[in-house]
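Here, each number is a calculation from the coordinates, and none is a lab measurement. Bear in mind that the values here come from a model prediction, so they are computed numbers and not experimental data. With ideal geometry, Cβ positions are generated from the backbone for all residues, glycine too; neighbour counts draw on all protein chains shown.
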Amino acid sequence: MTIEQTLLDSKKNPPPETVQRTLQTVLKFLRTEANQTALQNRIPAAATHVRRRHNYYYDEKFFEHDPKAGIVRNVYGQRVVRVSEDFITGLLAGLEEEVGEAAGEIMYKAGYQWGLEDMASFVPRVQAEFLVQFEKMSMGMMLESWWWPLQIEGWGAWRYDFRQHKQGLIFIDLYESAVAQSLGDVGKVVCYFYAGMFAAVFSVLARRELAGIEIQCYSMGEDYCKFLISTAKRVNAAAFWRNEGATSKDILKKLSTV
């Protein structure tokens, strides 16, 4: 299954403005004559400095240090910051102290915007790396290429589930969430940033607005976190059931009725 086969007709389902801006950036790159010619000639047009190595299994291969400037970058030139679990815990605690229950919504929106921006830079990068048009890539290869840098940076390992995509349901299992493992067992879901990020990425791929929600969390004593990506109607229903105490298995059963 290629990305091209799974994309929806954006004319029939116009995406919201934020997703539309990201799509315009992505599609502009895909359609430029220079880019198409470069791909046909097997010359990376997006970034001639992109490294052609695909696997970075060690920190010293993936990160580049500049001790004099005090800067760390990954192999794609993106600046990264190493933080401790105390930093993550303090950041979220400070946000909750300032805005209360709205902290989750703020983190979700931050994750959503981050996901949109990341996809806008990822598309030209992955085309240059693999010399394949983005819409012709297999979905599995594309998604793993997007997630791998995040995994080596400490965001955790994931497993996506498309078995119910024809019903409009996508599920993601996340292992070793940086947020949940930092906070520990606090009896509630905490990975709002991830939920927003996943929602943004699949909104761009589907060319319509999707929403995301965490329906199972390591911070609730579970072995791993689980997310649902679907329409806002279904996500809102899942949020209601979750807040009423439903387990992820209960929510999965109820979704068929929405």
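Structure values in brief
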| read-out | value |
| --- | --- |
| Entries in Lys136/Lys226; Lys166/Lys249; Lys226/Lys253; Lys109/Lys249 that, when Cα-Cα distance is taken, lie over 21 Å | Lys136/Lys226; Lys109/Lys249 |
| Calculated log₁₀ intensity ratio I(q)/I(0) where the Debye formula runs over C-alpha points of the range 118-258, q = 0.10, 0.11 Å⁻¹ | -0.34, -0.42 |
| Projected label distance in nm at Ala93 and Arg163, using a 7 Å step from Cα toward the beta-carbon | 4.0 |
| Point-to-point label distance, Gln133-Ala110, nm (Cα→Cβ direction, 7 Å offset) | 3.9 |
| Inter-centroid distance (Cα atoms) of the range 119-136 relative to the range 193-230, Å | 23 |
| Extension gain from His65 to Ser84, taking 0.36 nm per residue of separation minus the Cα-Cα distance | 5.0 nm |
